[in-house]
Amino acid sequence: MMHPIKLAREIEERYRRYLQTTFYLKDPVLRQSFQEALNAGHLSKGPYLEATPTFQRGAPPSQLFRDLLQHEPDRGFLAAIRGELPLYRHQEQAIKSVVDGRNVVVATGTGSGKTEAFLYPILLHLYQEFKAGILGPGVRALVLYPMNALANDQRERLGEICGRLKAENSPLRITFGQYIGETPDDENDSRRHARDHMSQRDQKGHSIIENGRVVHGELVLRSEMRTAPPHILLTNYSMLEYLLLRPDDSPLFDDRRARFWTFLVLDEAHQYRGAKGIEMAMLLRRLKQRLREGGREEPFRCIATSATLAGGEKDKPAVAEFAAHLFGELFDEEDVILGETVPMPESRSVRFVREDYQMLSRALEANAEAVAKLPSLAASHGIAIPTTEEPAKTVGYLLQQDNRATQFRKLVTDNPQKVRAIADQIFDDLPEAERIDALPELAALLLRAEDPTTGARLLSARYHLFLRSLEGAFLSFYPDKKVVLDRRGEGDTALFEIGLCRECGQHYLVGKIVHDKLVEAVRDPSRDDFGATFFLPLEDEPLEDEDEDEQKDGQHKDHKEQYKLCCQCGEIRRSSAQLQCGHGMEIAVLKQKQAEEKEDQVPHCAVCGYQARDPVREVVHGTDGPHAVIATTLYQELREGRRKVLAFADGRQEAAFFAWYLEDSYKDILSRNLIWKVVQEQASHSSEGSSLQDLSTGLVGVFRQKNVFPPATSDLQLRRKAWLALYREFLTDEPRISLEGVGLAHWAIKWPDWFMVPEVLRTAPWTLSPEEARDLVLILLDTMRTDRAVELHTENDISLNWKDLSLQASQMCVSPVEKGKLKHGERRWAGKTGRRAKFLVKLYQRIHPKASEQEAIDAVVQLLRTLWDALRQYDDNAPTASDRVLVRVNDARRLNPDWWRLRYIGEGDPIYRCDACGRVQAVSVRGVCPRHRCPGVLQSIQREELEPNHYRLLYEAELPGSLRVEEHTAQLDKEKAREFQREFREGKIHVLSCSTTFELGVDLGDLDTIFLRNVPPEAFNYAQRVGRAGRRSGHPGFAITYCKRGPHDLYHFAEPQRMLTGKSRPPALALRNEKIITRHMVAVALSFFFRAFRDRFSTVENLFKDLSAPCGVSDFIEFLQSKRPQIEETLRRILPDEVTTQIGLADGSWIERIAGNDSRFALAEAEVSSDYRAVRQFEEDARGARDYKAAEWAKRRAETIASEDVLSFLSRKAVIPKYGFPVDVVELDTQRIQQNQEASEVSLQRDL
């Protein structure tokens, strides 16, 4: 079982380690201070532990149905609904109330069986009709879902029930159908994959088909549902709107078929608040009226379910009022059904100790010795245990007598608290260090132990952990120099935000000068004073010139201004002026030039010269990196078989991007992890290291062993993937986190027999030892690898080009040319200010401390020339051109990768760490750091002395293998979404990155872990999301929430219990929004119109007839006037009494409101006609100009306008209700070719 406390600790530790690795500070004092700030606990809250209440058990369906029917139900029917399993008391109450003809609201928690509360009375009603001989085609129950994922879940459950009915040979036959957007029209509907739907139905085997008609099971085609409507209809509110409007769907309601409609079910009813609630209330009133007109005479039975509608008994009146307004039906306070929880037993004097709990845990694992000790444990405490052969019930009985276990259950049920506080209270008799580990042991025991009477688990628990993003890092100089993570700090001492060079870790002060004070930078781009200024503290930092061979034309050295800064109060003035504060705590700082394109960035680091996008960054970060750290940790730490994480984000794009980002970043980590495993294994066979060919062979074997790629991947594909991974590592864009960068391996050259150490290095002025000279040549050639001056060599049948590597830099070559303009893609070998020369100057001055810089430069240039000639001469001795160390590219050269080896660095092997930049090196020549422009000294250390590095530990770890991540958002193809849902439930997908599609009551099986990538908008959203986990008894749920830098997230991070314990207030509906009501009036009137004139329905052209001179609105008005009494009567039955006068039902002005010149319908007609006429004119003009391509485009565009589906058009133009978000927006038409006055007036209208 998952150990939640250890998991929480591991996530917190890895997150801290990731931040420490990501934000390197060159200054050792600040680096240590930053680490201490990260470890201070400001970035995490929790974990918290809560227990969901155990609900009272009631009678099983077999007994309840027998009592309600007054006779024994069919055995097959009871078997199909698992009739021997006891119901919860609230389920039993709901079923009784519905059977008695009452409307109900089932407002119980997540995972409390709300579905059975409405499904069982529906099934019982069908059974009763079957026994009475009146169960024929026709809808009896409509179940409305806010999203299709829920309907998919219910569809599968109904299929299983139908399958069991069929397997039991029950004479009861029921039908159900899911009518949504992707439901095929008929068997020939290839666009909606009709044949696949029918084939899947056949494969499941749940249905019975006689004479070509489904008489039992699922109806998967719209034509099937129209011909013989299903008993249970599943849909969403958008589709219900279309069903009421579309003439082809009239058979569901008309010709007396409406008389069978009985149940109206709204799942997740808390969703219907505000405008969305008004829309749903109007839609339900329209549906009921349509059904009454279609023959329904009996009352409806309305059922609403929600886990978050009510916070307790006090909310019942408000919930009943909400439901009454929503359905337009009577709901009393007693119709609101809450969960009845099992009362906790009274505390007893028995108090087990930790060793007793450990023994009870072993007993639950069927340890014979532990089971044999249960009677003696009971006897020692005076407990008489009941006779049972089930250890879980024996252990459950013992724990029910235990005072500590009872106190624990009482403390955490519906009351989330910090684990530390709970542990201190429950295990006050243990040493403080042991308490926190003892608590999850007791929780795990209660999760598996069973009530001896009911068989229910004694505990259902969920852990909650909150992490927050860094808001920045701030430097305090007084009284001591240190880094803090909270801008507020302590006392009145000034705090300065710091930025760090991404390359060398140099810190800068970031802010703006306002009234001679250095204050916080302005990050809002909409403000006139937007921007940030960077100041380099002058603490003996050398400032470097730019590289001659990298400097761009016309680029000059920055003009920098020196300032004085008071460290205590933040006063800042030019160096020529005196500070006025008198604190005497001043330092010198150098103002940096701003980047031309960014007002809150600098073009490069003034210390190391690093240039890139945003080279000096504040200590803040995006969310994807930390999110990947968290998700990777969860995947690595969760147990095999339960490695599933549901990751929520509020936005579709965020969810979709994270799915790609997580899988891609994990592939990089896994690739390095496996390369290192291969290097480690091959190190025992060769002291020279592994060639790329060796590595490729080993990597292919590991790929197969770990099942990294799909089984169908060919040998050739695997070898190509291995070469890609190796070259990406050899030429990495991420040197700091590469295998070499973290100190696990290093790249070296296997020197050919014809290579000799150039004599120039052994003699004055260099006088290096043979080993030093060889290492120096390696360092210099390695700079060519950094320059990407590398040829690509692979096996003969593997083809790679540079673009395949997806590297940021282009392939280069190194030229001996010292002056003049370089060719494209060349670097200088001996440029005076290039990285090779800079390094050698440092080395020369280390050898000759008194030498002038010019003397050093002269010696360096001469050395580089001599080395180039020597290397060229050595290569002339190579047997063939392909055996050379340097590959010729005209007069330039590239490295031949065949000579390079990756060497394993063992724990006892010496390595070197720079005391300035912190980078790890495998070789050292006189302690000079080879990193460009780094002034540091290399110090010899052992690998185990390195500071913990997030990436190094991942590369060394035993990773579980490939990670599969998929997105599940509303923009995903529906069939693909259903497939992902199924595969996630089966454990084939490890991380499902979703938007809000799974927030509601979808059952995802044995899911333990939820990852919320931001704080949800409301407490009920949080409860719904975390409620997806821990729904299977015996395993705790674990929810981790990452709080972003926004005020909403940080507000809730400050006090997580606001989100954990917060209850949403029951929604209140007032049906007074005229615009919403008007849209529903139009929909009612159009429903009459389309049933009368079916030929006007299908397309825009059918609706408006001649689009050049449309008559849709005028015909509609004429129809309304002719049918005014009938339509007005319908509207009066639908609309609230208080709005009938203001919308014009009394005097007939409602017709002008919905179809007059200013109506949405008339504006839509004017706009589509304008567009159509413009495009036809464009076509005519193009043909006249013989521009036939443009004319053909215009013709197709006109056809597209004319053939648009009428419902899509009316919904898009907000003529009829549109239930997506947002509803009322200005349309962007990218195809418009003419902006005439009429079109502009129409398109710029907003109906908010």
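For the subset of segment 1009-1048 comprising residues that are more than 30 Å from Lys314 (Cβ to Cβ) and not in a loop (DSSP other than H, G, I, E, B), which member is farthest from the chain's Cα centre (by Cα)? Among residues in segment 1009-1048 that are more than 30 Å from Lys314 (Cβ to Cβ) and not in a loop (DSSP other than H, G, I, E, B), the one farthest from the chain's Cα centre (by Cα) is Pro1047. Answer yes if at least one residue in segment 982-1001 is in contact with a Phe, Trp or Tyr (Cβ under 7 Å, 6 or more places away or on another chain) and part of a helix (DSSP H, G or I), and no otherwise. No, because not a single residue in segment 982-1001 is in contact with a Phe, Trp or Tyr (Cβ under 7 Å, 6 or more places away or on another chain) and part of a helix (DSSP H, G or I).
Any residue in segment 99-108 that is modelled with pLDDT of 95 or more, in contact with an Asp or Glu (Cβ under 7 Å, 6 or more places away or on another chain) and among the charged types (D, E, K, R)? Checking segment 99-108: at least one residue is modelled with pLDDT of 95 or more, in contact with an Asp or Glu (Cβ under 7 Å, 6 or more places away or on another chain) and among the charged types (D, E, K, R). Check whether at least one residue in segment 530-544 is at pLDDT below 90, buried (at least 19 other Cβ atoms within 10 Å of the Cβ) and part of a loop (DSSP other than H, G, I, E, B), and report yes or no. For segment 530-544, residues at pLDDT below 90, buried (at least 19 other Cβ atoms within 10 Å of the Cβ) and part of a loop (DSSP other than H, G, I, E, B): absent. Any residue at all in segment 63-72 that's surrounded by fewer than 20 Cβ atoms within 10 Å (Cβ to Cβ) and in contact (Cβ under 8 Å) with a residue 12 or more places away in the chain? Checked segment 63-72: at least one residue is surrounded by fewer than 20 Cβ atoms within 10 Å (Cβ to Cβ) and in contact (Cβ under 8 Å) with a residue 12 or more places away in the chain.
Please count how many residues of segment 494-529 are part of a loop (DSSP other than H, G, I, E, B), farther than 30 Å from Gly918 by Cα, modelled with pLDDT under 90 and of a type outside the set (Lys, Arg). The qualifying residues number 5.
Assess whether Met239 counts as being assigned by TED's automatic domain parsing to the domain that holds Phe260, within 26 Å of Lys1218 (Cβ to Cβ) and part of a helix (DSSP H, G or I). Considered against the rule, which asks whether it is assigned by TED's automatic domain parsing to the domain that holds Phe260, within 26 Å of Lys1218 (Cβ to Cβ) and part of a helix (DSSP H, G or I), Met239 comes out as yes. For Tyr478, the criteria (1) surrounded by fewer than 20 Cβ atoms within 10 Å (Cβ to Cβ); (2) under 34 Å from the mean Cα position of the chain (by Cα); (3) in contact (Cβ under 8 Å) with a residue 60 or more places away in the chain hold in every case but one, which is (2). Checked against (1) in a helix (DSSP H, G or I); (2) buried (at least 18 other Cβ atoms within 10 Å of the Cβ); (3) assigned by TED's automatic domain parsing to the domain that holds Lys750, Tyr635 passes all but a single condition, namely (3).
Out of all the residues in segment 858-870, is one or more among the polar types (S, T, N, Q), surrounded by fewer than 21 Cβ atoms within 10 Å (Cβ to Cβ), at pLDDT 95 or above and not assigned by TED's automatic domain parsing to the domain that holds Gln611? Yes, the conditions are met somewhere in segment 858-870.
Checking each residue in segment 257-276 for being in a loop (DSSP other than H, G, I, E, B) and closer than 27 Å to Pro184 by Cβ picks out Trp261, Asp267, Glu268. Do we find that Val105 is buried (at least 23 other Cβ atoms within 10 Å of the Cβ), closer than 23 Å to Pro299 by Cβ and not acidic (Asp, Glu) in this structure? Yes. Of all residues in segment 187-201, those that are surrounded by fewer than 15 Cβ atoms within 10 Å (Cβ to Cβ) have Cβ atoms under 9 Å from Cβ atoms of residues that are outside any loop (DSSP other than H, G, I, E, B), 6 or more apart or on another chain, in Glu187/Ala194; Glu187/Arg195; Glu187/Met198; Glu187/Ser223; Asn188/Ala194; Asn188/Arg195; Asp196/Glu975. The number of residues in segment 1143-1181 that are touching a helix residue (DSSP H, G or I) at 6+ places or on another chain (Cβ under 7 Å) and under 21 Å from Met280 (Cα atoms) comes to 2. If you go through segment 567-615 and pick out every residue that is more than 14 Å from Cys501 (Cβ to Cβ) and not hydrophobic (A, V, I, L, M, F, W, C), you end up with 21.
I need the full set of residues from segment 819-837 which are in a loop (DSSP other than H, G, I, E, B) and farther than 18 Å from Arg888 by Cα, in order please. Before you say what the answer is, go through the steps one by one.
As a first pass, look at segment 819-837 and keep what is in a loop (DSSP other than H, G, I, E, B): 819-825, 829-834.
Lys819, Gly820, Lys821, Gly831, Lys832, Thr833, Gly834 - these are the residues of segment 819-837 that are in a loop (DSSP other than H, G, I, E, B) and farther than 18 Å from Arg888 by Cα.
Could you list, in sequence order, the residues of segment 1101-1146 that are closer than 20 Å to Arg290 by Cβ and aromatic (Phe, Trp, Tyr)? Phe1116, Phe1119 - these are the residues of segment 1101-1146 that are closer than 20 Å to Arg290 by Cβ and aromatic (Phe, Trp, Tyr). Anything in segment 789-814 that is charged (D, E, K, R) and within 20 Å of Lys721 (Cβ to Cβ)? List them, or say none. Listed by number, the residues that qualify are Glu795, Asp797, Lys803, Asp804.
Conditions (1) touching a Lys or Arg at 6+ places or on another chain (Cβ under 8 Å); (2) among the hydroxyl-bearing types (Ser, Thr, Tyr); (3) surrounded by fewer than 20 Cβ atoms within 10 Å (Cβ to Cβ), marked per residue:
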position: Leu579; (1), (2), (3): yes, no, yes
position: Ala606; (1), (2), (3): yes, no, no
position: Tyr610; (1), (2), (3): yes, yes, yes
position: Arg613; (1), (2), (3): no, no, yes
position: His621; (1), (2), (3): no, no, yes
position: Leu646; (1), (2), (3): yes, no, no
position: Ala683; (1), (2), (3): yes, no, yes
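Looking only at segment 174-198, which residues are small (Gly, Ala, Ser) and either at pLDDT below 95 or part of a loop (DSSP other than H, G, I, E, B) (or both)? Listed by number, the residues that qualify are Gly181, Ser190, Ala194. Taking the criterion of being within 16 Å of Lys26 (Cβ to Cβ), surrounded by 15 or more Cβ atoms within 10 Å (Cβ to Cβ) and not β-branched (Val, Ile, Thr), the residues of segment 929-948 that qualify are Cys929, Arg931, His932, Arg933, Cys934, Pro935, Gly936, Leu938.
Among the residues making up segment 73-123, those that are acidic (Asp, Glu) and within 21 Å of Leu338 (Cα to Cα) are Glu92, Asp100, Glu116. The single residue among Gly138, Gly159, Gly109, Gly113 that is on the phi > 0 side of the Ramachandran plot, in contact with a strand residue (DSSP E or B) (Cβ under 7 Å, 6 or more places away or on another chain) and in the same structural domain as Glu333 (by TED's automatic domain parsing) turns out to be Gly113. Spot the failing condition for Gly825; the list is (1) within 26 Å of Ala922 (Cα to Cα); (2) without any contact (Cβ under 8 Å) to a residue 60 or more places away in the chain, and only one is missed. Looking at each condition in turn, Gly825 falls short on (1). For Val817, the conditions (1) surrounded by 20 or more Cβ atoms within 10 Å (Cβ to Cβ); (2) of a type in the set (A, V, I, L, M); (3) modelled with pLDDT under 95 all hold with the exception of (1). Please indicate, with yes or no, whether at least one residue in segment 410-427 is within 30 Å of the chain's Cα centre (by Cα), among the small types (Gly, Ala, Ser) and not assigned by TED's automatic domain parsing to the domain that holds Thr108. No, every residue in segment 410-427 fails to be within 30 Å of the chain's Cα centre (by Cα), among the small types (Gly, Ala, Ser) and not assigned by TED's automatic domain parsing to the domain that holds Thr108.
Restricting attention to segment 1084-1106 and to residues that are surrounded by 22 or more Cβ atoms within 10 Å (Cβ to Cβ) and under 16 Å from Glu1165 (Cα atoms), the residue that is nearest to the chain's Cα centre (by Cα) turns out to be Val1100. Applying the set (1) out of contact with any helix residue (DSSP H, G or I) (no Cβ under 8 Å at 6 or more places or on another chain); (2) surrounded by fewer than 22 Cβ atoms within 10 Å (Cβ to Cβ) to Tyr88 leaves exactly one unmet item: (2). Does segment 383-398 include one or more residues that are in contact with a Leu (Cβ under 6 Å, 6 or more places away or on another chain), under 30 Å from Thr1061 (Cα atoms) and crowded, with 20+ Cβ neighbours inside 10 Å? Yes, that holds for at least one residue.
The values are calculated or read from the model by the stated rules, or taken from the named source; none is laboratory data. Fair warning: this is a prediction, and the values are worked out from it, not measured in the lab. Neighbour counts run over all protein chains shown; Cβ positions are idealised from the backbone, glycine included.
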